[in-house]
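Note sheet for the following structure.
The values are calculated or read from the model by the stated rules, or taken from the named source; none is laboratory data. Quantities reported herein were computed from a predicted structural model and do not represent experimental measurements. Cβ placement follows ideal geometry from the backbone for every residue including glycine, while neighbour counts extend to all protein chains displayed. Heads up: the accessible areas ignore ligands, DNA and RNA and are worked out on the full protein's heavy atoms, side chains in. Shrake-Rupley method; radii C 1.70, N 1.55, O 1.52, S 1.80 Å.
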Amino acid sequence: MNTQSILNADLHCHSFVSDGTLSPEALASRAKANGVDLWALTDHDEIGGVARARVAALEVGMAFLTGVEISVSFAGHTVHIVGLGFDETNNALEQGLAKTRGGRDQRAREMAEQLAKVGIHGTFEGALKYVSNPELISRTHFARHLVESGVCKDTHEVFRKYLTNGKPGFVEHRWASLQNAVQWITQASGMAVIAHPARYKLSANEEYALFTEFKAHGGQAIEVMTGSHSAQECIQYAEVAREFGLAASRGSDFHSPDESRTDFGALPYLPGTLTPVWELLQARIQ
Ligand code: AMP
Ligand code: MN
Ligand code: MN
Ligand code: MN
């Protein structure tokens, strides 16, 4: 039994530096108010909020890890790799993230062109109104605009009808490679974690390849307790972590008080039979 598993760690969330709606400071306060003991901000492809998040976390007396969530293309699917506890001044990591962000503007313009073809006009400008970081326009910003302009009732409906594979506003995109993402993180002294593994529509063979290649590149953990998993999926991926000899992480994936189903600190603790990522990252906790 691992007694370290009884920790209210929340190691996955987003600020307005990517596709969340709150500032790093507001997130830190909310996490603290919800009883979080150890926190990481993991914006998509971007570490511009990390310094502010650290100051805010330390101010409210909450232990802190650096974090990021990197978009990866694997076997024709988009997979997310969370990095924790890295040195955020590492050059190769910063350059890799900048390159990963680089294609987002063009992709967003193409999404808007496709949506215009089905009669929904002005979505690039509309989405931009919700963007704080001009390098980080995301599908989430399109979704907020399409809800606000009355096209759909909520963001989930927007994704289902317009923004996922095969739907009118979806644009294929090449993100970072799995190897590069894992190595940018590990070479900056951080730990690579496969985010919400149940979310990907991978075949059994593709999933096996993802876990084995991830480990071969130096990846060490998967998210087991995440706001993106059902209770059953949490159990299933606890078993996968054991099978593959991977450590386990826990995080809400909080984006916004209005949209997120899981708030900070609200998930069950990790099962005591797994190694929590924070046990391996002790030297990196601030
Ligand atoms: P992007 O990185 O621009 O492709 O946007 C991906 C983001 O869209 C994810 O990080 C989620 O925040 C959001 N997202 C993806 N699928 C859904 C969904 N079905 N419902 C609501 N939000 C989603
Ligand atoms: Mn997101
Ligand atoms: Mn994700
Ligand atoms: Mn996320």
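Side notes on the structure shown:
- Residue-count net charge about residue 237 - beta-carbon cut-off 13 Å; Lys, Arg +1, Asp, Glu -1: -2
- Compared with the alpha-carbon gap, the fully stretched path from residue 279 to residue 59 is longer by 76.9 nm at 0.36 nm per residue.
- Pairs spanning more than 20 Å between alpha-carbon atoms, out of 161/201; 167/201; 99/129: 99/129.
- Of the residues 220, 23, 90, the one whose Cα sits farthest towards the positive end of the charge dipole of the chain is 23 (charges of +1 on Lys and Arg Cβ, -1 on Asp and Glu Cβ, taken about the Cα centre).
- Where the chain is the region considered: accessible area per residue in Å², 1.4 Å probe: 42
- Stretched out straight at 0.36 nm per residue, the stretch from residue 232 to residue 167 would grow longer than its current Cα-Cα span by 20.6 nm.
- As a fraction of the 1.4 Å probe accessible area of the chain, surface on carbon and sulfur atoms comes out at 49 percent.
- Prolate/oblate/rounded label for segment 106-161 (Cα gyration tensor, a/c 1.5): oblate
- Placing +1 on each Lys and Arg Cβ and -1 on each Asp and Glu Cβ, with no other charges, gives the chain a dipole about its Cα centre of roughly 400 debye.
- Extended-chain gain in nm, criterion 0.36 nm per residue less alpha-carbon gap, residue 105 and residue 128: 7.3 nm
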